[in-house]
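Asks: This is the structure I have questions about; it appears just below.
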Amino acid sequence: MEGKGLPAMKDDLIHRDLASIVGEDYASNRPEELFIYSVDSGTEGPRKVDYVVMPKNVDQVQKIVAVANQHRIPITPMGANLTLNGLGLPVNGGIVMDMKRMDRILELNRQRKYVVVEAGVTQGMLGSYLEKNCPELEHSRPEAPPMATIVGNIVIRGHGYLSLRYGNNSHHINGLEVVLPTGEVCNIGAGCVSPWPFCKGPLPDMTGLFCGWNGTTGVITKLSLKLFPKRRMLDVVGYAMDDLELVPELLYQVTHTDMVDNLFVVGFASDTHESHKYVTASITGDLDEEIAYKKAVLKKIAAGYQEGRVRFDYPVWDPLKSRFVEKPPYVTPALAADFERGGGFRYCGAILPVDKIPEAWRKGMEIAHRLGINFSAGIQILGYCHSAMFGYVYPFNRAEEQEVERVRKAMRETNEAVLQMGGIPWKAEVAAQKQIIEKMEPNTHDLMKKIWKALDPNGIMNPGNWCK
Amino acid sequence: MAELDYRSLVHRCFRCGFCKLTHDYSPVGFNCPMYHRFRLETYSPGGLNWLIRAALLTKSIEWTDHLSEILYSCTMCGNCAEACRFEFGKDMVNMFRQAREDVVETQLGLPKMVSQFLENVYLYGNAFREAREARGDWAAGLPVKQFADGDEYLYYVGCVGSYDSRSRKAARALASLLLKASVSFGILGQEEECDGNEVRLLGEQGLFERQRDRNIEKFKELGVKKIVTLSPHSYNTLKNDYSGEFEVLHYTQLLRDLIRAGTLPVPQRAVGKVTYHDPCFLGRHNGEYDAPREILDSIPGIDLVEMERSRNTAFCCGGGGANFYTGISAKGKEQASNARVWDAVNTGANVLAVACPVCLMTLEDAVKSEGIDDRIIVRDISEILADNK
Ligand SMILES: Cc1cc2nc3c(=O)[nH]c(=O)nc-3n(C[C@H](O)[C@H](O)[C@H](O)COP(=O)(O)OP(=O)(O)OC[C@H]3O[C@@H](n4cnc5c(N)ncnc54)[C@H](O)[C@@H]3O)c2cc1C
């Protein structure tokens with residue numbers, strides 16, 4: 001078991017304190033809970049966990065933080081622990097704070113297009129709530145399973161189906177309520193001045209102190225999130241090509257039309273798919289004419305390529321299309337966990353310049369072939385081709401330890417390759433964080449340390465994550 | 001088709017959590033009763049799979065009393081099997097049952113109340129440690145006769161309908177309806193034995209087989225061909241786990257047919273707004289969603305409204321898998337039944353109709369403990385049809 005953990009003698013006292021805050025049912029130091037919260041669905045862990053606690057409100061979160069400060073014991077906030085890279089696991093033992101009992105949707109403001117949720121509200125909950133109460137608005141949903149929390153996703157600066165148009169999901173924050181590592185409740189965004197959390201406000205943007213930090217700077221308890229128009233119709237067009245090198249320019253041209261809502265590149269490391277790259281472009285509209293017009297414009301792009309080099313494809317092959325038009329929460333990506341009939345996959349989500357896609361693809365194939373593992377690529381374009389999330393997907397059979405080890409190795413090698421290409425692994429696991437920090441300019445890393453020191457003088461928020 | 005062995009399946013669970021929700025992601029709440037109750041990841045189907053694997057297969061954690069409680073907190077309602085997006089998911093309930101079988105076989109240790117339940121069935125032939133002689137008392141004063149060769153149906157009441165004071169009323173109501181419709185039937189009275197549905201789900205396969213074999217022998221001896229059950233739990237096991245020699249009906253199926261044929265009149269009195277709670281062992285486990293609704297629809301004084309979670313997304317009452325007796329999941333403010341009665345109240349209904357003695361018991365208790373008995377009452381469909389107030 002990794003991690004330092006605690007001396008056993010403090011155990012009962014801390015457990016008693018936690019149970020008195022949240023109630024006996026929601027605080028545990030029993031081996032079963034400690035085991036389940038010590039492992040994630042990927043290949044990280046088991047890590048040492050000393051306590052599990054489930055607060056119901058901000059007051060309880062504050063009290064738990066006070067207990068942690070008093071005993072100098074780490075806290076790791078956790079949503080659904082679905083990053084597959086173990087970010088919801090403690091690095092040095094302590095308390096796992098499962099946020100999913102804080103599950104209220106507090107406010108929906110149609111006119112101002114925002115929703116306020118507690119930290120444990122899941123993608124599934126918010127999605128079906130909006131569908132029922134305000135079907136003309138939506139939030140940018142990741143392809144993660146429906147139990148993934150909205151807050152967990154913005155903490156790791158995740159992306160969703162609206163990230164091409166509106167940037168990654170942490171750009172959609174209007175405001176946060178945070179319990180600082182020292183216990184104060186802090187309101188961030190317009191809501192700290194105005195009665196409403198309707199935008200970030202013309203203030204220093206402090207939301208960045210909590211996004212990308214993997215819960216090492218405080219516990220987010222509430223989030224005001226932007227909602228966006230949901231069009232009535234959704235369709236998908238495709239482009240097939242054999243030459244990988246054509247992909248970046250094609251993506252540039254497609255985004256340049258400003259007619260696409262979501263853009264993916266998919267492919268598999270099988271013989272047939274190696275020479276077959278496929279771009280899917282989702283289009284939306286309220287009228288048939290709108291969809292038809294967008295389709296015509298997008299079709300024209302393919303016509304600009306020499307005979308057959310880029311083939312416009314409509315309708316798109318049903319199983320592929322369903323991934324992009326199915327009613328969220330999206331099921332298809334999770335199915336990768338059963339590719340090897342073994343309940344697991346990891347993915348390195350590399351944030352790369354779009355022109356690096358061909359090189360990144362070849363690298364993934366090379367690593368997978370050399371290690372003898374399955375590989376598929378799922379690439380989502382973020383912004384108007386400003387960057388790409390290149391997902392190197394490595395499924396494995398959990399019951400085959402050697403296979404699990406090969407996937408761990410593939411992840412290490414992929415992270416290294418990504419950094420060499422000038423990209424950065426996203427939602428990086430602890431080992432990859434080290435690789436990143438080794439490449440990081442020292443002053444930048446020093447600034448991170450200064451921020452931690454200022455916010456978290458006792459170092460209680462998951463120390464070890466981000467090499468904290 | 002032969003059942004797959006849980007040992008070859010549990011590691012395929014990814015703990016993605018689809019199983020905690022309804023198939024259509026209802027915003028009403030989590031649809032796994034044990035997760036709803038406890039909220040720790042251990043008490044979720046995924047958590048259970050990983051604990052089973054760690055404790056029974058890879059032996060990376062030890063067996064403890066707490067682990068045993070977690071394993072038996074599952075009500076076997078089948079929501080996980082319905083909601084899981086993976087191919088193996090349909091076997092989820094079987095996986096949990098098989099793991100329990102291993103626990104029983106290797107004597108790892110059961111929760112006290114589970115052992116007691118099994119012991120009761122073993123010693124007394126019923127779940128409640130009640131006298132065998134009292135099993136037929138529910139029928140006192142009714143002109144119901146002992147089953148004899150030549151009767152068309154055996155009316156099999158089950159343990160809950162036979163002994164629980166509230167459920168006995170439903171047992172009586174059903175008997176009166178069968179009499180009213182001149183159905184040829186008889187009961188076993190004190191000769192009736194536990195059907196073994198929960199025993200099997202608790203993993204005591206040996207005891208289940210004893211119950212099954214005894215019952216089959218008795219049924220054959222008496223010349224039973226058709227069985228109508230009060231409880232969906234009995235219906236489930238008699239239909240699916242017995243020898244297949246008997247035609248088994250849940251009572252709602254028989255009453256539906258009688259109403260269709262015009263042999264059973266329906267009450268004409270205004271009942272009001274009624275919502276129907278699908279019992280897991282009639283609905284999800286056996287796909288019967290329509291018969292109870294058809295009955296309720298046929299009553300002119302009923303305005304039938306649906307709860308948001310209904311049919312295959314119905315939320316379990318929390319009493320399945322013997323939890324009505326063991327109380328592992330069925331305890332405390334957060335227990336499933338309390339949430340379920342609010343589902344019903346939120347439809348605006350004044351009657352919550354059920355078709356299962358376990359649901360009748362748990363949901364009526366919940367209505368009382370939530371203090372809403374002035375807003376909604378719980379009635380078995382047999383009672384509504386018999387026009388019992
Ligand atoms: C099949 C599949 C598909 C996926 N697709 C996508 C996708 O399309 N886009 C995408 O962005 N991601 C995707 N993911 C990754 C991940 O599941 C999601 O980003 C998910 O939203 C993370 O949320 P979570 O609740 O699981 O967070 P967790 O893993 O529980 O937490 C993530 C991080 O946030 C911290 N944290 C959690 N809650 C708080 C809080 N209240 N305060 C402070 N810190 C907190 C944790 O400590 C951790 O460091 C996918 C995962 C899977 C398995």
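The values are calculated or read from the model by the stated rules, or taken from the named source; none is laboratory data. Just so it is clear, the model here is predicted, and its values are computed rather than measured. Here the Cβ positions follow ideal geometry from the backbone for every residue, glycine too, while neighbour counts run over all protein chains shown. Accessible surface is based on the protein model in full, side chains and every heavy atom, while ligands, DNA and RNA are left aside. Shrake-Rupley method; radii C 1.70, N 1.55, O 1.52, S 1.80 Å.
Asks: Select from region A:68-91 the residues that are more than 8 Å from the ligand (Cβ to nearest atom), open to solvent by 10 Å² or more (accessible area, probe 1.4 Å) and either hydrophobic (A, V, I, L, M, F, W, C) or more than 20 Å from A:LEU180 (Cβ to Cβ) (or both) and list them in ascending order.
Replies: A:VAL91
Asks: Something else about it: Pairs, please: C-beta under 7 Å, at least 6 apart or cross-chain, first residue free of Cβ contacts under 8 Å to residues at least 60 places away in the same chain and in region B:359-375, second basic (Lys, Arg)?
Replies: Cβ pairs passing all conditions: B:ALA366/B:ARG340.
Asks: Follow-up. Which residue is farthest from B:THR58 (Cα to Cα), if the candidates are limited to region B:9-28 and must be more than 7 Å from every other protein chain (Cβ to nearest Cβ) and open to solvent by less than 20 Å² (accessible area, probe 1.4 Å)?
Replies: B:THR22
Condition check ((1) free of Cβ contacts under 8 Å to residues at least 60 places away in the same chain; (2) under 19 Å from B:ARG212 (Cβ atoms)) across all residues:
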{"residue": "B:ASP102", "(1), (2)": "no, no"}
{"residue": "B:ASN120", "(1), (2)": "yes, yes"}
{"residue": "B:ALA127", "(1), (2)": "no, yes"}
{"residue": "B:ASP137", "(1), (2)": "yes, no"}
{"residue": "B:GLY150", "(1), (2)": "no, no"}
{"residue": "B:TYR163", "(1), (2)": "yes, no"}
{"residue": "B:ARG172", "(1), (2)": "yes, no"}
{"residue": "B:SER176", "(1), (2)": "no, no"}
{"residue": "B:GLY189", "(1), (2)": "yes, no"}
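Asks: Return the residue satisfying two criteria in turn: it lies in region B:126-143 and is more than 18 Å from the chain's Cα centre (by Cα) and open to solvent by less than 30 Å² (accessible area, probe 1.4 Å), and of such residues it is farthest from B:VAL183 (Cα to Cα). Write out each step before concluding.
Replies: Of all residues in region B:126-143, those more than 18 Å from the chain's Cα centre (by Cα) come to B:129-143.
Within this subset, residues satisfying the condition of being open to solvent by less than 30 Å² (accessible area, probe 1.4 Å) are B:134-136, B:138-139.
Numbers: B:ALA134: 25, B:ARG135: 22, B:GLY136: 19, B:TRP138: 19, B:ALA139: 16 Å.
For region B:126-143, the residue satisfying everything is B:ALA134.
Asks: Can you say whether A:GLY152 is open to solvent by 20 Å² or more (accessible area, probe 1.4 Å), within 23 Å of A:VAL61 (Cβ to Cβ) and either within 14 Å of another protein chain (Cβ to nearest Cβ) or outside any loop (DSSP other than H, G, I, E, B) (or both), as far as the supplied structure shows?
Replies: Numbers: open to solvent by 20 Å² or more (accessible area, probe 1.4 Å): yes; within 23 Å of A:VAL61 (Cβ to Cβ): yes; either within 14 Å of another protein chain (Cβ to nearest Cβ) or outside any loop (DSSP other than H, G, I, E, B) (or both): yes.
It is true that A:GLY152 is open to solvent by 20 Å² or more (accessible area, probe 1.4 Å), within 23 Å of A:VAL61 (Cβ to Cβ) and either within 14 Å of another protein chain (Cβ to nearest Cβ) or outside any loop (DSSP other than H, G, I, E, B) (or both).
Asks: So which residues in region A:214-239 are open to solvent by 10 Å² or more (accessible area, probe 1.4 Å) and over 30 Å from A:LEU106 (Cβ atoms)?
Replies: Within region A:214-239, A:MET233, A:ASP235 meet the criteria.
Asks: What's the number of the only condition in (1) touching a residue at least 40 places away in the same chain (Cβ under 8 Å); (2) away from chain B (no Cβ under 14 Å) that A:ILE373 fails to meet?
Replies: Exception for A:ILE373: condition (1).
Asks: Looking only at region A:325-382, which residues are open to solvent by less than 10 Å² (accessible area, probe 1.4 Å), assigned to a loop (DSSP other than H, G, I, E, B) and in contact with a strand residue (DSSP E or B) (Cβ under 8 Å, 6 or more places away or on another chain)?
Replies: The answer is A:GLY342, A:PHE375.
Asks: A further question on this structure: Say whether the condition of being touching a residue at least 24 places away in the same chain (Cβ under 8 Å), of a type in the set (Val, Ile, Thr) and at the interface with chain A (Cβ under 9 Å from one of its Cβ atoms) is met by at least one residue in region B:49-59.
Replies: Within region B:49-59 (the criterion being touching a residue at least 24 places away in the same chain (Cβ under 8 Å), of a type in the set (Val, Ile, Thr) and at the interface with chain A (Cβ under 9 Å from one of its Cβ atoms)), the answer is no, since none of the residues qualifies.
Asks: Between A:VAL39, A:VAL49, which is at pLDDT 95 or above, within 31 Å of the chain's Cα centre (by Cα), within 9 Å of chain B (Cβ to nearest Cβ) and farther than 25 Å from B:GLN335 by Cβ? Working first, answer last.
Replies: Working: A:VAL49 fails: within 9 Å of chain B (Cβ to nearest Cβ).
Step by step, each of A:VAL39, A:VAL49 is checked, and only A:VAL39 is at pLDDT 95 or above, within 31 Å of the chain's Cα centre (by Cα), within 9 Å of chain B (Cβ to nearest Cβ) and farther than 25 Å from B:GLN335 by Cβ.
Asks: Among the numbered conditions (1) within 24 Å of A:SER282 (Cα to Cα); (2) near the ligand (Cβ under 8 Å from one of its atoms); (3) in a loop (DSSP other than H, G, I, E, B), tell me where A:MET147 comes up short.
Replies: (1)
Asks: Out of all the residues in region B:339-356, which are out of contact with any Lys or Arg (no Cβ under 8 Å at 6 or more places or on another chain) and either open to solvent by less than 10 Å² (accessible area, probe 1.4 Å) or in a loop (DSSP other than H, G, I, E, B) (or both)?
Replies: Going residue by residue through region B:339-356, those that are out of contact with any Lys or Arg (no Cβ under 8 Å at 6 or more places or on another chain) are B:339-342, B:344, B:346, B:355-356.
B:ARG340, B:VAL341, B:ALA344, B:ASN346, B:ALA355, B:CYS356 - these are the residues of region B:339-356 that are out of contact with any Lys or Arg (no Cβ under 8 Å at 6 or more places or on another chain) and either open to solvent by less than 10 Å² (accessible area, probe 1.4 Å) or in a loop (DSSP other than H, G, I, E, B) (or both).
Asks: While we're looking at this one, here's another question. Out of region A:411-424, which residues are touching a residue at least 12 places away in the same chain (Cβ under 8 Å) and surrounded by fewer than 24 Cβ atoms within 10 Å (Cβ to Cβ)? Show your work before the answer.
Replies: Start the filter on region A:411-424 by keeping residues that are touching a residue at least 12 places away in the same chain (Cβ under 8 Å), which leaves A:411-419, A:421-424.
Listed by number, the residues that qualify are A:ARG412, A:GLU413, A:GLU416, A:ALA417, A:LEU419, A:MET421, A:GLY422, A:GLY423, A:ILE424.
Asks: Same structure again: Just a yes or no: is a residue in region A:122-137 near the ligand (Cβ under 9 Å from one of its atoms), part of a loop (DSSP other than H, G, I, E, B) and out of contact with any helix residue (DSSP H, G or I) (no Cβ under 7 Å at 6 or more places or on another chain)? If you could, list the steps in order and put the result at the bottom.
Replies: Let us first name the residues in region A:122-137 that are near the ligand (Cβ under 9 Å from one of its atoms), namely A:122-123.
Narrowing the set further to residues that are part of a loop (DSSP other than H, G, I, E, B) leaves none.
No, the conditions are met nowhere in region A:122-137.
Asks: Residue by residue through region B:277-309, note down the ones that are under 16 Å from the mean Cα position of the chain (by Cα) and open to solvent by less than 20 Å² (accessible area, probe 1.4 Å).
Replies: Just the residues of region B:277-309 that are under 16 Å from the mean Cα position of the chain (by Cα), to begin with: B:277-289, B:292.
Answer for region B:277-309, where residues must be under 16 Å from the mean Cα position of the chain (by Cα) and open to solvent by less than 20 Å² (accessible area, probe 1.4 Å): B:HIS277, B:ASP278, B:PRO279, B:CYS280, B:PHE281, B:LEU282, B:GLY283, B:PRO292.
Asks: Checking A:ASN462 against (1) touching a residue at least 60 places away in the same chain (Cβ under 8 Å); (2) outside the structural domain of A:THR83 (by TED's automatic domain parsing), which test does it fail?
Replies: Checking A:ASN462 against (1) touching a residue at least 60 places away in the same chain (Cβ under 8 Å); (2) outside the structural domain of A:THR83 (by TED's automatic domain parsing), the one that fails is (2).
Asks: Scan region B:236-261 for residues that are of a type in the set (S, T, N, Q) and farther than 21 Å from B:ARG172 by Cβ and jot them down. Working first, answer last.
Replies: At the first step, the residues of region B:236-261 found to be of a type in the set (S, T, N, Q) are B:236-237, B:240, B:243, B:252-253.
If the condition is that a residue be of a type in the set (S, T, N, Q) and farther than 21 Å from B:ARG172 by Cβ, then B:ASN236, B:THR237, B:ASN240, B:SER243 are the ones that fit.
Asks: While we're looking at this one, here's another question. Return the pairs, sorted by first residue and then second, in which the second residue is assigned to a helix (DSSP H, G or I), the first residue lies in region B:80-91 and is free of Cβ contacts under 8 Å to residues at least 40 places away in the same chain, the beta carbons are less than 6 Å apart, and the residues are 6+ apart or on different chains.
Replies: Matching pairs, first to second residue: B:LYS90/B:ALA81.
Asks: Given A:CYS211, A:CYS192, which one is under 21 Å from the mean Cα position of the chain (by Cα), surrounded by fewer than 23 Cβ atoms within 10 Å (Cβ to Cβ) and either under 21 Å from A:LYS113 (Cβ atoms) or not hydrophobic (A, V, I, L, M, F, W, C) (or both)? Explain how you work it out, then say what you get.
Replies: Working: A:CYS192 fails: under 21 Å from the mean Cα position of the chain (by Cα).
Of A:CYS211, A:CYS192, the one residue that is under 21 Å from the mean Cα position of the chain (by Cα), surrounded by fewer than 23 Cβ atoms within 10 Å (Cβ to Cβ) and either under 21 Å from A:LYS113 (Cβ atoms) or not hydrophobic (A, V, I, L, M, F, W, C) (or both) is A:CYS211.
Asks: Which of the residues belonging to region A:81-118 are within 14 Å of chain B (Cβ to nearest Cβ) and closer than 27 Å to A:ALA336 by Cβ?
Replies: If the condition is that a residue be within 14 Å of chain B (Cβ to nearest Cβ) and closer than 27 Å to A:ALA336 by Cβ, then A:ASN81, A:LEU82, A:THR83, A:LEU84, A:GLY86, A:GLY88, A:LEU89, A:VAL96, A:ASP98, A:MET99, A:LYS100 are the ones that fit.
Asks: Identify, from the list A:CYS186, A:CYS134, the residue that is within 27 Å of A:ASN462 (Cα to Cα), hydrophobic (A, V, I, L, M, F, W, C), surrounded by fewer than 24 Cβ atoms within 10 Å (Cβ to Cβ) and more than 11 Å from every other protein chain (Cβ to nearest Cβ). So that I can check it myself, show each step before the final result.
Replies: Numbers: A:CYS134 fails: within 27 Å of A:ASN462 (Cα to Cα).
The conditions single out A:CYS186.
Asks: Give the residue, chosen from B:VAL93, B:VAL103, that is under 20 Å from the mean Cα position of the chain (by Cα) and under 28 Å from A:ASP25 (Cα atoms).
Replies: On the way: B:VAL103 fails: under 20 Å from the mean Cα position of the chain (by Cα).
Answer to the check: B:VAL93.
Asks: Can you tell me which residue in region A:301-317 is nearest to A:LEU263 (Cα to Cα), limited to those that are open to solvent by less than 50 Å² (accessible area, probe 1.4 Å) and out of contact with any strand residue (DSSP E or B) (no Cβ under 7 Å at 6 or more places or on another chain)?
Replies: A:ILE301
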